[in-house]
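Here is the structure we will look at, set down as structure tokens.
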Amino acid sequence: MIILTAGMSNLDNLLQLLGVSILFIFILVITYYTTKFVGGAKLNITKNSNFKVLETYKIAQNKYLQIIQIGTRYFVISVGKDDIRFLTELNENEILKQDDLKLQKNNFTDIFNISLKKIKDKNKNDQGNDQ
């Protein structure tokens with residue numbers, strides 16, 4: 001590398017570095033917009049589809065259980081490395097929707113206060129039994 005740059009001045013080196021940096025930034029911008037375009041196209045295809053994967057649960061490496069919706073029907077399938085198997089069909093009332101799950105979630109403060117109250121009640125009961 002020293003032999004190649006021996007005849008170049010500092011200004012030439014700086015211009016070469018600037019050119020490579022601009023090329024690198026240009027490639028990053030093109031990659032970003034290409035990824036965004038492909039992702040948006042895929043989203044439109046899946047949004048207007050009759051097939052939806054509602055939930056995926058990993059049971060082992062390369063083995064999953066999935067709840068899928070096809071039209072208005074719900075199915076549980078097993079997905080392995082080389083195969084997909086039908087397990088059962090579910091009724092709509094057997095499915096917990098994501099909206100239902102969000103309502104069940106508590107924030108950390110609520111969970112902490114409930115746990116703290118249980119500990120205090122247990123300590124009061126233990127002290128009452130000691131007397």
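Each reported figure results from applying straightforward, stated rules to the coordinates on display, with no laboratory input. Note that this is a predicted model, so its numbers are computed, not measured. All Cβ positions, glycine included, derive from the backbone under ideal geometry; neighbour counts span all protein chains shown.
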Report summary line: On the formula 1/(1 + (r/R0)^6), with r taken between the Cβ atoms of N44 and V20 and R0 of 41 Å, the FRET efficiency rounded to 0.05 is 0.65
Query raised in the report: By counting other Cβ atoms within 10 Å of each Cβ, how are T72, T56 ranked from fewest to most?
Result: T72, T56
Query - Theoretical gain in end-to-end length, Q61 to L87 [0.36 nm per residue, Cα-Cα removed] - result: 7.5 nm
Requested in this report: Would you pull out the residues with amide H under 5 Å of E55's amide H, same chain only if 5 or more places away, H placed 1.01 Å from N?
Outcome: I67
Requested in this report: Within 10 Å, count the other beta carbons around each residue, average over each peptide in 30-38, 74-82, and list them highest first.
Outcome: 74-82, 30-38
